[in-house]
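J.: Could you have a look at this structure, given as structure tokens, before my questions?
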Amino acid sequence: MKTYTTYTTTDSPVGELLLVGDGSALTSLSLPGQRTAPVVRSGWRRDAGAFGEARRRLAAYFEGRLPRFALDLAPEGTPFQQRVWRALDEIPYGTTTTYGELAARLDVPRAEIRAVGAAIGANPLLIVRPCHRVIGADGSMRGYAGGVERKVRLLTHEGALQQMLA
């Protein structure tokens, strides 16, 4: 397992974000109280200037000026998880998809949709890899590692919920 060496935090409308990586590539972006968030360790180095491009792009996203992230990412996961996470990048800003639709795009059999959900739940790069755009087939807000209330806030920010209600 890769050792994270550098971290910083940045404020956002959904809480203070923890950015972790090797100083150049981002390996994790987490929210306060997130169930899968890394915990800062004594060997990690806090660098307020780290991940400047990621922080600028996050600010632009929350200002409504950036619908898609293009960052140097290095998340750790199985080949299947990596495949699912890359598919998240293809969900357009302001839209949603369902677990079943995402599984179909990945040619994952219906019987294995739960594996897609588990991979989404293990996404270490919240917001940047937009797992919040995946919802239940009935339109319900299924789980989100950062909390369902934050998922609703992100989808509202992107205008996706207004489209669903129209």
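The values are calculated or read from the model by the stated rules, or taken from the named source; none is laboratory data. Given the structure is predicted, the values throughout are model-derived calculations rather than measurements. Don't worry about glycine lacking a Cβ; one is built from the backbone with ideal geometry, like all the others, and counts go over all protein chains shown. These accessible areas exclude ligands, DNA and RNA; they are computed on the full protein's heavy atoms, side chains included. Shrake-Rupley method; radii C 1.70, N 1.55, O 1.52, S 1.80 Å.
J.: Calculate the FRET efficiency for ARG65 and ALA111 from the Cβ-Cβ distance with a Förster distance of 30 Å, rounded to the nearest 0.05.
T.: Working: r = 41 Å, r/R0 = 1.38.
According to the calculation, E is roughly 0.15.
J.: Tell me whether the range 55-110 comes out rounded, prolate or oblate; compute the Cα gyration tensor, take square roots of the eigenvalues as a ≥ b ≥ c, and use a/c under 1.5 as the rounded threshold. Write out the running numbers ahead of the final one.
T.: Numbers: a/c = 3.89, a/b = 1.55, b/c = 2.51.
Judged from the Cα gyration tensor, the range 55-110 comes out oblate (a/c at least 1.5, b/c at or above a/b).
J.: Now for a different question. Give me the angle, in degrees from 0 to 90, between the Cα long axis of helix 79-88 and the longest principal axis of the Cα atoms of the chain, rounded to the nearest 10.
T.: 80 degrees
J.: Using DSSP to call loops (not H, G, I, E or B), can you name the GluC sites (Glu not before Pro) in the range 81-166 whose Cβ has at most 13 other Cβ atoms within 10 angstrom? Write out the running numbers ahead of the final one.
T.: Details: sites: GLU90, GLU101, GLU112, GLU149, GLU158; in loops: GLU90.
Answer in residue order: GLU90.
J.: Would you mind checking the tilt of helix 148-158 against the longest principal axis of the Cα atoms of the chain, expressed as 0 to 90 degrees and rounded to 10?
T.: Computed tilt is about 80 degrees.
J.: Sticking with this structure for a sec: Once the Cα atoms of helix 52-62 and of the chain are each reduced to a long axis, what angle between those two axes, in degrees from 0 to 90 to the nearest 10, is obtained?
T.: 40 degrees
J.: Residues of the chain: accessible area per residue at 1.4 Å, in Å²? Can you show the working numbers first?
T.: On the way: 8270 Å² over 166 residues.
It amounts to 50 Å² per residue over the chain.
J.: A further question on this structure: With Rg/Rh (Cα atoms, Kirkwood Rh) defined as stated, name the option among [x] 0.98; [y] 1.11; [z] 0.95 computed from the structure displayed.
T.: After the calculation, the listed value that fits is [z].
J.: Per DSSP H run of at least 4 residues, take -39500 (n - 2.57); add these up for the chain, divide by its residues and hand me the 222 nm value, nearest 500 deg cm²/dmol.
T.: Numbers: 6 runs with 54 residues, N = 166.
Here the helix-only value at 222 nm equals -9000 deg cm²/dmol.
J.: Return the loop-located GluC sites (Glu not before Pro) in the range 1-81 (DSSP other than H, G, I, E, B) with at most 15 other Cβ atoms within 10 Å of their own Cβ; answer none if there are none.
T.: GLU16, GLU63, GLU76
J.: Here is a further query. Report the antiparallel proportion of the DSSP beta bridges in the chain as a percent, rounded to a multiple of 5.
T.: Working: 9 of 15 bridges.
Here the share of antiparallel DSSP bridges comes out near 60 percent.
J.: How large is the Kirkwood hydrodynamic radius of the range 102-155, counting all unique pairs of alpha carbons, in Å?
T.: Details: mean 1/r = 0.0857 Å⁻¹.
For the range 102-155, the Kirkwood estimate is 11.7 Å.
J.: Taking H placed 1.01 Å from N in the peptide plane, check which residues at least 5 places from SER28 or on another chain put their amide H under 5 Å from its amide H.
T.: Here VAL20 satisfy the definition.
J.: Given axes a ≥ b ≥ c from the Cα gyration tensor, I'd like to know whether the range 1-94 is rounded (a/c under 1.5), prolate (a/b larger than b/c) or oblate. Don't jump to the answer; show the numbers that get you there.
T.: On the way: a/c = 1.65, a/b = 1.13, b/c = 1.46.
In terms of gyration-tensor shape, oblate.
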